[in-house]
Amino acid sequence: MPEISRDEVRHLADLARIELDDAELDHLAPQLSVILESIASIAGVAAADIPPTSHALPLTNVYRDDVVVPCLTAEQALSGAPASEQQRFSVPRILGDEQ
């Protein structure tokens, strides 16, 4: 049975930028272990003679013809933006140098 420790849950939460207290870590670790066990059991069912598929039936995409239509200019698209730079949206940085 795949086990996941509190430290691994804490590490995953840090990567996801989720703040968890000790009670939540204790609660989530066994739940994540059950999820990992379920995934392992599914992997064990797959037989070597069965090709992997994403759907039970083959799918075919239906595409429409591309039609050129008038669109917004860069100035129109950026007109409602709080900040722009070099004809691009300017957004605050969310990741620091700690990664």
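Let's see how each residue does on (1) more than 27 Å from LEU95 (Cβ to Cβ); (2) in a helix (DSSP H, G or I); (3) out of contact with any Pro (no Cβ under 6 Å at 6 or more places or on another chain):
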position: ILE4; (1), (2), (3): no, no, yes
position: HIS11; (1), (2), (3): no, yes, yes
position: GLU24; (1), (2), (3): no, yes, yes
position: VAL34; (1), (2), (3): yes, yes, yes
position: ILE39; (1), (2), (3): yes, yes, yes
position: GLY44; (1), (2), (3): yes, yes, yes
position: ALA48; (1), (2), (3): yes, no, yes
position: ALA56; (1), (2), (3): yes, no, yes
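Checked across the range 7-30, the condition of being modelled with pLDDT of 90 or more, small (Gly, Ala, Ser) and either touching a Phe, Trp or Tyr at 6+ places or on another chain (Cβ under 8 Å) or surrounded by 10 or more Cβ atoms within 10 Å (Cβ to Cβ) (or both) holds for at least one residue.
Scanning the range 40-99 for residues that are of a type in the set (Asp, Glu) and closer than 30 Å to GLU3 by Cβ gives a single hit, GLU98.
The residue that is surrounded by the most Cβ atoms within 10 Å (Cβ to Cβ), among those in the range 73-98 that are of a type in the set (Gly, Ala, Ser) and closer than 30 Å to LEU15 by Cα, is SER84.
The values are calculated or read from the model by the stated rules, or taken from the named source; none is laboratory data. All values reported here derive from a predicted model rather than from experimental measurement. FYI the Cβ positions are ideal-geometry reconstructions off the backbone, even for glycines, and counts take in every protein chain you see.
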